[in-house]
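The values are calculated or read from the model by the stated rules, or taken from the named source; none is laboratory data. Everything numeric here is computed off the predicted structure, so don't read it as measured data. Neighbour counts are summed over all protein chains in view; Cβ atoms, including those assigned to glycine, are modelled from backbone coordinates with ideal geometry. Calculation scope for accessible area: heavy atoms of the full protein, side chains included, ligands and nucleic acids excluded. Shrake-Rupley method; radii C 1.70, N 1.55, O 1.52, S 1.80 Å.
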2 protein chains.
Amino acid sequence: MTNIHDIARLSGYSVSTVSRVINHQKYVADDKRAKVEKIMHDLDYVPNRLARDLSKGRTKTIGVVLPYANHPYFARVVDGIVMAAFEAGYKITLLPTNYDMTVERQYLDQLRSKAYDALIFTSRSSQLETLERYRKYGQIVCCEDPGDDRPLAAAYTDRLGSFVSALNWAKQSGYEKMGVVLSRNNVISASTRMTRQAYERVYGHLEDRDLFTGAVKYEDGYRAGAYFAKLTPAVDAVFANGDDIAAGVHQYYLDHQLTPLPVIGQENLLSSRLLKFSTIDHHLEALGQAAFRLATAQSTTHELIKSDFIKR
Amino acid sequence: MTNIHDIARLSGYSVSTVSRVINHQKYVADDKRAKVEKIMHDLDYVPNRLARDLSKGRTKTIGVVLPYANHPYFARVVDGIVMAAFEAGYKITLLPTNYDMTVERQYLDQLRSKAYDALIFTSRSSQLETLERYRKYGQIVCCEDPGDDRPLAAAYTDRLGSFVSALNWAKQSGYEKMGVVLSRNNVISASTRMTRQAYERVYGHLEDRDLFTGAVKYEDGYRAGAYFAKLTPAVDAVFANGDDIAAGVHQYYLDHQLTPLPVIGQENLLSSRLLKFSTIDHHLEALGQAAFRLATAQSTTHELIKSDFIKR
DNA sequence: GGTTGACCTGGTACCGGTTTCATAAATTAT
DNA sequence: ATAATTTATGAAACCGGTACCAGGTCAACC
């Protein structure tokens, strides 16, 4: 493989000069520049990116931590990140965790090892304190509100506000008893925390029996539908953590000739449009774009993306 | 930033020994190994990945070329790739092209510059010849059948076979006139080529007026629905290049109180299950996994993933 | 007792670039 | 005419590792 020294030797100039030509810097005589460029072209030479990155100490690569790739939420966020990164000439590496803290830690160590300039956590299993400890090795962006006193950059949607809007609307629509579907029932998940908080604000204490957890996709929603269909006292409507999950709940009732249960979903996916139920659009592409911007900045700014409640 | 030389100096041993400790090689005395490990730990040392990769000449990173990230087809393929890569300790970088050949060329040049060990083309705009020319700089996998005599690795679904099955079923079901929806109406797209081929085999010549092109998402399908609703002579059914697009066609007819038009989609997405129309499951995750395996091998093997036609 | 081979260690070239610094010539300013 | 810049170029250190090779110790084997 031909390298910069070969070009230097063959052209008769120094590597410094060749480097200047490669990087389009000034202070190279026109004739020499032309000659070096010709030789580079003739030898089919391309500078080695690794050597460059090592020398410069940055990779122009950002790692995106997510549980798994094939989920509408993450797909939309990633799309926003990838688009913004493309515009800015950055590369995006996907880092799946499957919610494994150990794996997350490995990615944080890769940040330490300079494999990425920054990490974006679209979801996390580790404590925020853990992320903060790695802050000194590179920029870290998380996609939730980490609280004011935390030295982390953050881009997040207005979960609490939009959840409260949605639930208020549900209450005013006459749904007295509201069921809830969540993914992870733990305190790490911002979505879970905000849902509970909004629920308490609007409906008061959330009874365990009105809550179905462990739902990440349509089939889980279908199972949730089966659960709620048998529940007494019955719920009047269900607030789910995603449109496809809400669609599952809805479809279970349809498939079993029950009176359709009103559902509220999230993300404004195709399923909510097809089945015409209300949803919250979190503008996840915008979230991704914001997250990318923060990843390339060095601040610890927080950026709020407004969500829209879509009544159907 | 502390490096291997610091560790060597502070421990009193050579960089060779430290390197051996880092890489868990034998031929290091236990006491020295312990001392070096302690110093590495105390100094919070992590070896620099870039330096390592440069020295080794490989990155354990694979670039995945796709038009854009937020599309169910690519999301599923990428998911398969990412999972397989995770298992194998590889990293995946997403390379969006927006169908721009110039951008594709840039990614090929990045392969040349050793930024990736391999490239997977889930879609392409360039000619196959172009990809072949870059084969010598690294492994290249494409997700379509490149033909037997081409020196490219390939993983692809049985498009032609499954399309013929689907269209045969449609014909036998009494749909005499079949409309078709496609994305790109050019010869580069394997999906387009195979659809036309299957159509000719089952229905004969595809009339231009029975073809709607430029469809990549639901809204496009809806527009296609509007087109077919006005078409005379009308079509009896529509074969679309994706479930969400088929859903759009279907939904247009529903929304306008027309007799629902039978549609056949692809990918077995949620929309086809909700609206209960037939579809083809191309097992895209399996496709992604196969593509990854080929990317890390050095062969130019072809791998066919069987598709399933799902009648509904 | 000498040869063999496993074990241990360090020196150093190498991967392929960037960047600082020194030097000198050509311009420009005073 | 001289001082101060600007332009042009190369030598060499540096980024932070890996890997080959040489050299030395020590037990086993013939």
Using only Cα atoms, tell me the angle between helix A:243-255 and the longest principal axis of chain A; keep it within 0 to 90° and round to the nearest 10.
40 degrees
Taking the Cα atoms of region A:75-154, report the difference between the largest and smallest coordinate on each principal axis, in whole Å and largest first.
32, 27, 24
Can you quote the Å³ per residue value for the convex hull of the Cα atoms in region B:159-282, rounded to an integer?
92 Å³
Beta carbons within 10 angstrom, averaged per residue: use that to sort the peptides A:294-300, B:81-87, A:146-152, highest first.
B:81-87, A:294-300, A:146-152
Once both labels are modelled 7 Å past Cα along the beta-carbon direction, what's the A:LEU254-B:ASP30 spacing in nm?
6.8 nm
Express in Å², to the nearest 10, the accessible area of A:THR17 obtained by rolling a 1.4 Å probe over the protein heavy atoms while all chains stay in place.
30 Å²
Taking the label point 7 Å from Cα in the Cβ direction, how far apart in nm is A:GLU303 from each other copy of itself, listed shortest first?
3.8
If you count, for every residue in B:86-99, the Cβ atoms of partner chains within 10 Å of its Cβ, what is the mean?
4
Paramagnetic reach from A:LYS217 (point 7 Å along Cα→Cβ, amide N under 17 Å) across region A:268-302
A:270-271
Can you report the principal axis dimensions of region B:4-47 using only the alpha carbons, biggest first, rounded to whole angstrom?
23, 18, 15
For region A:1-87, how big is Rg over Rh, using alpha carbon atoms and the Kirkwood form of Rh?
1.21
Positive minus negative residues near B:ASP281 (Lys, Arg vs Asp, Glu; Cβ under 13 Å):
+1
Which parts of region A:85-111 would a label at A:ASN186 reach, counting a residue when its backbone N lies under 18 Å from a point 7 Å out along Cα-to-Cβ?
A:96-108
Using helices alone, I'd like the mean residue ellipticity at 222 nm for the protein assembly as shown: each DSSP H run of four-plus residues gives -39500 (n - 2.57), total over residue count, nearest 500.
-14000 deg cm²/dmol
Quick one: pull the percent of accessible area on region A:4-47 belonging to carbon and sulfur, 1.4 Å probe, ligands and nucleic acids left out.
53 percent
Going by alpha carbons, how many degrees (0 to 90, nearest 10) lie between the helix axis of B:101-112 and the longest principal axis of chain B?
30 degrees
R0 of 25 Å, Cβ-Cβ distance B:ARG133-B:ARG193: FRET efficiency to nearest 0.05:
0.70
By how many degrees, 0 to 90 and rounded to 10, does the Cα axis of helix A:190-203 deviate from the longest principal axis of chain A?
30 degrees
Can you sort B:LYS56, A:LYS136 by 1.4 Å-probe accessible area, starting with the largest?
A:LYS136, B:LYS56
Evaluated at 25 °C with a viscosity of 0.890 mPa s, what Stokes-Einstein diffusion coefficient in µm²/s does the protein assembly as shown have when Rh comes from the Kirkwood expression over alpha-carbon pairs?
91 µm²/s
So, with points 7 Å from each Cα along the Cβ direction, the A:LYS56-B:GLN298 label distance in nm works out to 3.1 nm
Quick one: with label points 7 Å out along Cα→Cβ, list the inter-copy distances for A:LYS217 in nm, shortest first?
2.2
Which residues' amide hydrogens lie under 5 Å from the amide hydrogen of A:ILE305, considering only partners 5 or more residues apart or on another chain, with H built in the peptide plane?
A:TYR156, A:THR157, A:ASP158
The protein assembly as shown - share of DSSP beta bridges that are antiparallel (%, nearest 5)
15 percent
Hull-based mean projected area of region A:35-171, where the convex hull spans the alpha carbons, in square nanometres
11.8 nm²
Ignoring ligands and nucleic acids, what accessible area does B:LYS177 show with a 1.4 Å probe (Å², nearest 10)?
50 Å²
Among B:269-276, A:20-27, A:185-192, how do they line up from the highest to the lowest mean number of other beta-carbon atoms within 10 Å?
B:269-276, A:185-192, A:20-27
Charge dipole (debye, nearest 20) of the protein assembly as shown; +1 at Cβ of Lys and Arg, -1 at Cβ of Asp and Glu
1700 debye
For region A:159-282, with +1 on Lys and Arg beta carbons and -1 on Asp and Glu, the positive-most of A:LEU275, A:PRO260, A:SER191 along the dipole
A:SER191
Relative contact order of region B:159-282, pairs being alpha-carbon contacts under 8 Å that are 6 or more residues apart, as %:
23 percent
Using only the alpha carbon atoms of chain B, find the Kirkwood hydrodynamic radius as the inverse mean reciprocal pair distance, in angstroms to one decimal.
22.0 Å
Cα-based Rg and Dmax for region B:189-248, in Å, come out at 11.4, 30
Seen from all sides and averaged, what is the projected area of the convex hull of the Cα atoms in region A:103-225, in nm²?
8.9 nm²
Env charge @ B:ASP236, Cβ radius under 15 Å, K,R +1 / D,E -1, value 0
Looking at chain A as a GNM with Cα springs under 10 Å, which of A:GLU219, A:GLU37, A:GLU176 has the largest mean-square fluctuation?
A:GLU37
Over the whole of B:186-196, what's the average partner chain Cβ count within 10 Å per residue? Rounded to a whole number, please.
0
Taking every residue in A:37-47, how many Cβ atoms of other protein chains lie within 10 Å of its Cβ, on average?
1
